[in-house]
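The values are calculated or read from the model by the stated rules, or taken from the named source; none is laboratory data. Source: prediction; values computed, not measured. Ideal geometry is used to build each Cβ from the backbone, glycine not excepted, and the neighbour counts take in all protein chains shown.
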Amino acid sequence: MKVVIKSFVLAVLLCGAALAQTSLSIATGGTGGVYFPTGGAYAELINKYIDGYNAVAEVTGASAENAGLISRGDSDIALALADTIFQAYTGTGRFDGSSGLRQLANLRALGSAYPNAVHLVTLEGSGIETLQDLKGKRVSVGAPGSGTEISAQSILNANGITYDDINEQRLNFNETADALRDGQIDAGFWSVGPPTSSILSLAEARDIKLISLSDEELQNGLSASPVFTAFMIPGNTYKGQETDVQTIGTPNVIVVAAEMDDELAYNLIKTIFDHVDEVIAVHPSANSTTADFSLSATPIPLHPGALRYYQEIGAEIPERLASP
């Protein structure tokens, strides 16, 4: 009888240990972008390789919303555009308090995952050939609380275009694609790692056109944010897009809170880099997920756990990334 009781107690203890998994929420974006599958890949890595944790990728309004979710502790890990995270951390731009968004000084980075490209998409025959042709048109600038809207508004404003000049619509990626397909809008912005599923699907249903920035428009846009870079979307990325498209690129930051446990932060970034091939299998944008890209592109300080990882691999760490 004693053996049976001991076995029962041991089974209960083992069951309790198995149930004592710590859940992690990964804030991503809409299902029509790259954040959601990338976040799902990260969740799979955590579930496979980090003992004691299970993770789930959550659909969100993307970058600006994700910054708030991390700062408040409502999510544990997030993907977000570098310009949004830079503004949130420094309390500038949209996060200066004037529009209700405030500084989020407890944001930290594990690193950067891959660069986004700002896509400006219209349909053939729309009459839109340049950025200036958006004036008077119905334009989706991205979902409310998204980094796409922050990037789009920065680029527009830098080139003398305000919301007073356009009929702005705040739609997520899938909604933007559907509205373009159905003639409900004239153009739409995406800030996303190419290729993205929502534009791929739109290109199968309609003849699309991607609008290039002129050299002057590009330089004006680059001046709007210290994290913007020039980016070329290669020809034939999407059906019917035969030539390269000149636009602006923005890194995507893997964001956590300063309050995250150091060991967890270390294990998270180590696991991502150790098994990046599994992320690449989900989406090719992860080919850019390297330590060199991460350290060159990340705009806010690293979490101490992540800093330890980069030090261990012998990486040269820019002074701006040292934990405060």
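Quick test for you: out of ASN287, ASN252, pick the one residue that is at pLDDT 95 or above and closer than 12 Å to TYR114 by Cβ.
Exactly one residue qualifies, and that residue is ASN252.
Which one of GLU217, GLU175, GLU168 is crowded, with 16+ Cβ neighbours inside 10 Å, over 25 Å from TYR35 (Cα atoms) and modelled with pLDDT of 95 or more?
Of the residues listed, the single one that is crowded, with 16+ Cβ neighbours inside 10 Å, over 25 Å from TYR35 (Cα atoms) and modelled with pLDDT of 95 or more is GLU217.
For GLU149, only one of the following conditions fails: (1) over 18 Å from the mean Cα position of the chain (by Cα); (2) under 22 Å from THR92 (Cα atoms). What is its number?
(1)
Return a yes/no flag: does region 88-109 have any residue that is within 13 Å of the chain's Cα centre (by Cα) and closer than 30 Å to ALA43 by Cβ.
Scanning region 88-109 turns up at least one residue that is within 13 Å of the chain's Cα centre (by Cα) and closer than 30 Å to ALA43 by Cβ.
Checking the conditions here, which among LEU123, LEU104, LEU110 is farther than 22 Å from VAL192 by Cα, touching a helix residue (DSSP H, G or I) at 6+ places or on another chain (Cβ under 7 Å) and modelled with pLDDT of 95 or more?
LEU104
Would you check if LEU202 is out of contact with any Pro (no Cβ under 7 Å at 6 or more places or on another chain) and more than 24 Å from PHE86 (Cβ to Cβ)?
yes
Among the residues of region 87-99 satisfying the criterion of being part of a helix (DSSP H, G or I) and not charged (D, E, K, R), which is surrounded by the fewest Cβ atoms within 10 Å (Cβ to Cβ)?
Out of the qualifying residues, it is THR90.
What number of residues within region 52-86 are assigned to a strand (DSSP E or B), in contact (Cβ under 8 Å) with a residue 60 or more places away in the chain and more than 17 Å from SER294 (Cα to Cα)?
1
Can you name the helices (runs of 4 or more DSSP H) wholly within region 153-224 that have at least 2 residues being under 22 Å from the mean Cα position of the chain (by Cα) and under 13 Å from THR247 (Cα atoms)?
By residue number, 215-222.
Tell me, yes or no, whether region 142-162 has at least one residue that is at pLDDT below 95, more than 30 Å from TYR310 (Cα to Cα) and exposed (fewer than 15 other Cβ atoms within 10 Å of the Cβ).
Checked against the condition, which is being at pLDDT below 95, more than 30 Å from TYR310 (Cα to Cα) and exposed (fewer than 15 other Cβ atoms within 10 Å of the Cβ), region 142-162 yields at least one hit.
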